[in-house]
Amino acid sequence: MKRTLPIILSSIALLSSTTFAFADTTTPTTTDTTTVAPTTTSTTTTTTLSQKRAAAKAKADAAKQAYQQKLAATKQAYQQKLAAIKAKADAAKQARQEKLAATKAQRAQALQAKLTINASAVETRDNALISAIQNYSASIVSALQTRLSDQKAALTLTDTKARAQAWKDSWNKFRTAEKAANQKLNADRKAANDAWNNAVKASNDQFKKDMQVNAEATVPSDTTNTVSPTTTIDTTTTTK
């Protein structure tokens with residue numbers, strides 16, 4: 001019994017030593033497992049962030065592309081609107097020029113008619129004046145010739161009283177003829193000038209009437225060539 005007890009005690013000590021050694025070997029393994037778990041979590045988090053960033057970038061690129069397409073469509077519509085406005089303004093300008101050209105031609109025609117009437121009227125007036133002056137001159141010549149004959153006859157008289165009366169009568173006859181000739185000349189001149197004034201007034205009235213018709217036919221100024229369109233561009237940006 002005394003010999004067996006030390007053996008048992010040594011066996012127990014050996015078992016204790018083996019158990020502690022086993023505990024020492026298993027503890028590091030547990031620690032290593034604990035260090036592997038964080039590495040796996042970090043990799044998973046990095047992968048998720050990359051995916052989110054890629055998705056956000058794709059979304060931003062799609063929004064940018066849509067914005068550019070919208071901007072291009074807006075620009076095209078704006079250019080089409082400007083082209084339509086310009087075409088309308090050009091058509092209105094051409095129509096106005098055609099109207100003005102027609103009005104100018106009508107005015108030239110009316111002016112030519114007026115000048116023709118005035119030319120005929122001035123010819124009639126001056127011919128009448130020439131005839132009036134010729135008649136006046138013939139009347140004065142005739143009156144002078146008559147006075148000459150009467151005074152020569154008076155100078156042949158020997159009676160002083162009779163000679164003085166004959167001389168006085170010759171002058172009275174001349175003055176009467178001269179007065180009648182002057183009255184006739186003035187009447188003829190007045191008639192010629194009145195005819196001229198009436199003809200000019202008629203031609204001026206006709207010309208004004210023609211110009212009034214042309215003015216009513218004239219196209220008013222077109223103001224559609226003034227273009228001030230506005231384009232609104234969306235510049236809103238989204239922060240991701």
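The values are calculated or read from the model by the stated rules, or taken from the named source; none is laboratory data. None of the values given here were measured: they were computed from a predicted structure. So basically every Cβ, Gly included, is an ideal-geometry build from the backbone, and we count neighbours across all protein chains shown. These area figures cover heavy atoms from the full protein model, side chains too; ligands, DNA and RNA do not enter into them. Shrake-Rupley method; radii C 1.70, N 1.55, O 1.52, S 1.80 Å.
Taking all protein chains as present, what is the carbon and sulfur share of the accessible area of the range 33-183, in % to the nearest whole number, probe 1.4 Å?
Numbers: 6700 of 11350 Å².
The computed percentage sits at 59.
Rounded to the nearest 20 debye, what is the charge dipole size of the range 75-195 about its Cα centre when +1 sits on each Lys and Arg Cβ and -1 on each Asp and Glu Cβ?
On the way: 22 positive and 10 negative charges, 201 e Å.
Here the range 75-195 has a charge dipole of around 960 debye.
Just to compare against my own numbers: the Cα pair-distance distribution for the range 94-223, 5 Å bins, whole % per bin, please.
P(r) for the range 94-223, in whole percents per bin: 2, 10, 12, 10, 8, 8, 7, 6, 6, 5, 5, 4, 4, 3, 3, 2, 2, 1, 1, 0, 0.
Between beta-carbons, use under 12 Å as the cut-off and find the net charge around residue 82, counting Lys and Arg +1, Asp and Glu -1.
On the way: positive: 75, 81, 86, 88; negative: none.
Cβ neighbours under 12 Å give a net charge of +4.
Once each part is reduced to its C-alpha centroid, what is the distance from the range 41-92 to the range 110-137 in angstrom?
The range 41-92 and the range 110-137 have Cα centres separated by 84 Å.
Please report, in whole Å³, the volume per residue of the convex hull around the C-alpha atoms of the range 56-139.
Numbers: hull volume 4.7 nm³, N = 84.
It comes to 56 Å³ per residue, whole-number rounded.
Going down the list 99/208; 99/209; 114/201; 99/201; 114/209, which pairs span over 21 Å between their C-alpha atoms? Show your work: numbers first, answer last.
Values: 99/208 19 Å; 99/209 18 Å; 114/201 10 Å; 99/201 29 Å; 114/209 12 Å.
Among 99/208; 99/209; 114/201; 99/201; 114/209, the Cα-Cα distance tops 21 Å for 99/201.
Using all alpha carbons of the range 39-94, what is the percent of pairwise distances in each 10 Å bin, ordered from the shortest bin to the longest?
Calculated P(r), rounded to whole percents: 20, 21, 16, 15, 12, 8, 5, 3, 0.
Applying a 10 Å radius around every beta-carbon, put 48-57, 129-138, 150-159 in order of their mean neighbour count, most first.
Details: 48-57: 10.5, 129-138: 13.8, 150-159: 12.1.
Going from most to least packed, we get 129-138, 150-159, 48-57.
For every other residue with a beta carbon closer than 14 angstrom to the beta carbon of residue 127, add +1 if it is Lys or Arg and -1 if Asp or Glu, then tell me the sum.
Details: positive: 125, 189; negative: 123, 126, 188.
So the surrounding residues net to -1.
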